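The values are calculated or read from the model by the stated rules, or taken from the named source; none is laboratory data. Small disclaimer: the values here were computed from a predicted structure and weren't measured. Ideal geometry is used to build each Cβ from the backbone, glycine not excepted, and the neighbour counts take in all protein chains shown.
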Amino acid sequence: MASIKINQSKVTDPESLIALCPFGAIESKNGKIEINAGCRMCRMCIRKGGGVFELVEDAAPGVDKSKWRGIAVVAEIDEDGSLHPVALELLGKARELAAKINHPVTALVIGSGTQPAAERLLAYGADEVHVYDDPALRHFRIEPYANALEDFINLTHPSSVLVGGTMNGRSLAPRVAARFRTGLTADCTVLDMSANTDLDQIRPAYGGNIMAHINTPRHRPQFATVRYKIFPIPPKDEPHGRIIAHTLAPERLTSLIEVIERRRKSAEKGIEECEVLVVCGRGVKKSEDISLLEELATLLGGRVASTRAVVEAGWLDAKRQIGLSGRTVKPKLIITCGVSGAIQFVAGMSGSELIVAINTDPNASIFKVAHVGIVGDIYQVIPELIEKIKRLKG
Amino acid sequence: MNILICIKQVPGTSQVEIDEKTGTLKRDGVAAKMNPFDLYALETALRLKERTSAALTVLTMGPPQCEKVVREAFMMGVDSGVILSDRAFGGADVLMTSYTLSEGARRAGPFDLIICGKQTTDGDTAQVGAELAEWLGIPHVVNVKAIGEIDERAITVTVDLPDSEVTERIPFPCLMTVEKGIFEPRLPSYRRKLATADREITWLALADLNDSDPKHYGLNGSPTQVKRIFPPESHIERITLEGSPAEQAAALAKLLEERKFLQ
C-alpha cells in the first residue's frame, strides 16, 4: 500500500501545485497544501511536483504469494450447456501467462450439463477443469454462482482469476472479489505476468485517451475481467488434463431472487459473429441515410454496426453498438463511415483484420488505427464504391 | 420504505488526454457534472416514490465540491443527501469505494432498496454496485431495464440479457443497477431549487463511520495500484487512398477484390 506525503516546507508556488492535479484533488487550506478525496492516485503530482509530494510505500507485508498457485479461468455456459467462446480466449491467454511462472491453468464451469464444456476446455489446454454441476445451477443466479466461485477459490487458491466480461461475468466477478477483499480490474485489454506472479493488467482508463497499468501487489487472488474477442482463440491441443467435480451444500444453492419469467429474444446474428461490418458514425447526417450503408454491407455479405452516438440518437439498436460500452468485434473487414475514432470505440474494434476508415477530417483519430484511410465525404465515396463493387462482382 | 441512490460527480468530459511532451494530463474544460448514468437511477427512484411514497436519500463520496450533485438530486425531488468526504477516502479503487459507500449506507440507513446507475463515465468499471451489495450482504441484480410490481417486501424487475429478458422478484433489502433509458430523467426544477436551497446535507467523515481505521479506506486499503498511465499506442502501418471520390472508391474496390471480399 502506498500514500502521498506532502513536504510543506518545499512548497513555493501553491497555485502551480494545485494546477498539477488533473482531478482537482490538490487544495490549499490555511496556507497548507492538502490532497482531498478526489485523488485517483495517478501520481502526476509525485512526478511533477518538484519533491513536494512523496510516495510513501507502506512496508506492510501482503499475502504469501507462494501459497497462491495457478491461473484460473471462469468459463461461462448457457442453460443448454454451450460454452461462451470468451472462455477459450481466456484459456489461451492463461496458458501463456502460466508458462512464464510455471503455474497450472485451471478452468471452472458452473451450471447444469457441464460435461461437453469441460471436455472442450481440456481440448484447449486446461490442466484441470473444476465443475459444479447441479440442476439448481442451470440458470445464472448471483448467490449460488458466487458461492461456487468462492468454494473453488478456497479449494484451489489460484493466483489469478480471469473472468469473461459478459453480463453475468461482470456481475459475478465483483461480488466474489469483494468477498475475498481483493482487487479487480475491469475490461483489461492487455495482460502480462511478472516473475513475482503479479498480474500486469492494462486497460483504458478515466474514460479518455489514457491507458492504465494496474497491479494487485499485496492481495490474492487477482481478479481481472476481459471482454469477448479481445484475445484470439488458441489452437486445439491434445487433452492432458482432468475433470474434477465438486458439490455445494443445498443451502448454498438457493437464491432469494425468484425468477418469474424468461423470454428468449429472437436469434438474430450478432455483430460479433459477422465477418464484414460497415460502421455508421456521426458523419451520417440522418437516419434514412443508413440505407446507403446497408446496401454496401449487403454487397459485402456483412451488416451495419454503429458508434455510441448513433445508438444514443435512437437510429440503431444498442445491439449494434461497437465499443467499451457496446460489443467488441473482430471482423475480417470493417469499414468505418464518418466515425471519429474515440478510444472507447477503437477498444471495441482494433482487433479487426482490415480496418478501412472514411472521414472528412484528416486529423480524426480513427486514421491512427486504420490500415486504409480515405479522407473524403462518405456521401461521395460510398455511392461510387457501391457502383464499382457491383461492376466488379458482375 | 427507504430508498438509497448512489451518485457520483464526474469530469464534464470523458476526453481526458495525455500531453505527450510533458507527460501530464490535459485538463481543458473538465467542469464536473453528475454521472449521466446516475440520472436514470434517480429517475427510477422518483417513479417508485410516486407509487409508494418512499423516502429517497442520495449518497455520494468525493471532495466537498460534490455537494453540487446532491443539490441537483434535491432539485429533481430527492428528500435527503449524505456525503462521504475525507482525505482518508482519496485514491479509493473499486473495493474501497464500495466499502466506503457501504459504511455510509450503514450509517445513514437502513434502506430497503439501493439503486445505482449502470456505470460511471470516468471509472467505466460497472462494478461498484455488485461489490457494495456484497459488503452489505444483500442480493443484487444488474442491467435492470423495467420495473414491475412493488410492495412492502419485494420488487419485480426485468433484466436485459444478450439473448433473453428475465423477470425476477427480489425481496428487500436488495440492490439493483439500472440501464440507461429505463425512464427518461426529469429536469431539475427551479421551484425545488428555491425550496431546497437551505436543506441540510449530512456530511460523514472517517470519524463518523463505524469502522474509523484509516487503513481500511482510500489508497491505504485499495488492493489495486495504478503503476503508470500512458497514451495508447497508435497503429504504424497504414495507407491513404488519394484522389477524387471516384478514384478513392475505385482503389478501395480493387483492394477489396484482391483481398477476396467480393466473392
Is it the case, given these coordinates, that A:Ile244 is in a strand (DSSP E or B) and either surrounded by fewer than 20 Cβ atoms within 10 Å (Cβ to Cβ) or touching a Phe, Trp or Tyr at 6+ places or on another chain (Cβ under 9 Å) (or both)?
yes
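Is it true that A:Leu162 is more than 14 Å from chain B (Cβ to nearest Cβ), under 22 Å from B:Pro162 (Cβ atoms), touching a Ser or Thr at 6+ places or on another chain (Cβ under 7 Å) and of a type outside the set (S, T, N, Q)?
When the stated conditions are applied, A:Leu162 does not pass them.
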Please give the strands (runs of 3 or more DSSP E) falling wholly within the stretch A:251-367 in which 1 or more residues are free of Cβ contacts under 8 Å to residues at least 24 places away in the same chain.
A:258-264, A:354-359
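Which residue out of B:Val178, B:Val142, B:Val157 is under 20 Å from A:Gly326 (Cβ atoms), free of Cβ contacts under 8 Å to residues at least 40 places away in the same chain and β-branched (Val, Ile, Thr)? Before you say what the answer is, go through the steps one by one.
Details: B:Val178 fails: free of Cβ contacts under 8 Å to residues at least 40 places away in the same chain; B:Val157 fails: under 20 Å from A:Gly326 (Cβ atoms).
When all the criteria are applied, what remains is B:Val142.
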For the stretch A:63-88, name all the residues that are in a helix (DSSP H, G or I) and either at pLDDT 95 or above or aliphatic (A, V, I, L, M) (or both).
A:Val86, A:Ala87, A:Leu88
Of the residues that make up the stretch A:83-99, is at least one surrounded by fewer than 22 Cβ atoms within 10 Å (Cβ to Cβ), in contact with a His (Cβ under 7 Å, 6 or more places away or on another chain) and among the aliphatic types (A, V, I, L, M)?
no
Give the residue that is modelled with the lowest pLDDT, with candidates limited to residues of the stretch A:93-139 that are among the small types (Gly, Ala, Ser) and either within 21 Å of the chain's Cα centre (by Cα) or closer than 20 Å to A:Ser160 by Cα (or both).
A:Gly125
Inside the stretch A:204-249, can you point out the residues that are within 14 Å of chain B (Cβ to nearest Cβ), of a type in the set (A, V, I, L, M, F, W, C) and over 16 Å from the mean Cα position of the chain (by Cα)?
none
Looking only at the stretch A:28-42, which residues are facing chain B (nearest Cβ under 7 Å) and either basic (Lys, Arg) or surrounded by 20 or more Cβ atoms within 10 Å (Cβ to Cβ) (or both)?
A:Ile35, A:Asn36, A:Ala37, A:Gly38, A:Cys39, A:Arg40, A:Met41, A:Cys42
Qualifying position, being within 13 Å of chain B (Cβ to nearest Cβ) and either on the phi > 0 side of the Ramachandran plot or crowded, with 20+ Cβ neighbours inside 10 Å (or both), among A:Cys274, A:Cys280:
A:Cys274
Where in the stretch B:151-263 are the strands (runs of 3 or more DSSP E), entirely inside, with at least 1 residues that are in contact with a strand residue (DSSP E or B) (Cβ under 8 Å, 6 or more places away or on another chain), at the interface with chain A (Cβ under 8 Å from one of its Cβ atoms) and surrounded by fewer than 20 Cβ atoms within 10 Å (Cβ to Cβ)?
B:154-160, B:164-171, B:225-230
Is it fair to say A:Gly62 is touching a residue at least 24 places away in the same chain (Cβ under 8 Å), crowded, with 22+ Cβ neighbours inside 10 Å and more than 30 Å from A:Pro116 (Cα to Cα)?
no
What pairs can you find where one residue is in the stretch B:25-40 and of a type in the set (S, T, N, Q), the other is in a strand (DSSP E or B) and at pLDDT 80 or above, and their Cβ atoms are less than 7 Å apart, with a gap of 6+ or different chains?
B:Asn35/B:Val10; B:Asn35/B:Gly117
Among the listed residues A:Arg264, A:Arg179, A:Arg252, identify the single one that is at negative phi, charged (D, E, K, R) and more than 9 Å from every other protein chain (Cβ to nearest Cβ).
A:Arg252
Identify, from the list A:Ala118, A:Ala75, A:Ala19, the residue that is over 24 Å from B:His216 (Cβ atoms) and surrounded by fewer than 23 Cβ atoms within 10 Å (Cβ to Cβ).
A:Ala19
What strands (runs of 3 or more DSSP E) completely inside the stretch A:156-214 contain at least 3 residues that are under 17 Å from B:Thr120 (Cβ atoms)?
A:199-205
Need the failing condition index for B:Ala249 against (1) modelled with pLDDT of 90 or more; (2) more than 30 Å from A:Lys368 (Cβ to Cβ); (3) touching a helix residue (DSSP H, G or I) at 6+ places or on another chain (Cβ under 9 Å), just the number.
(2)
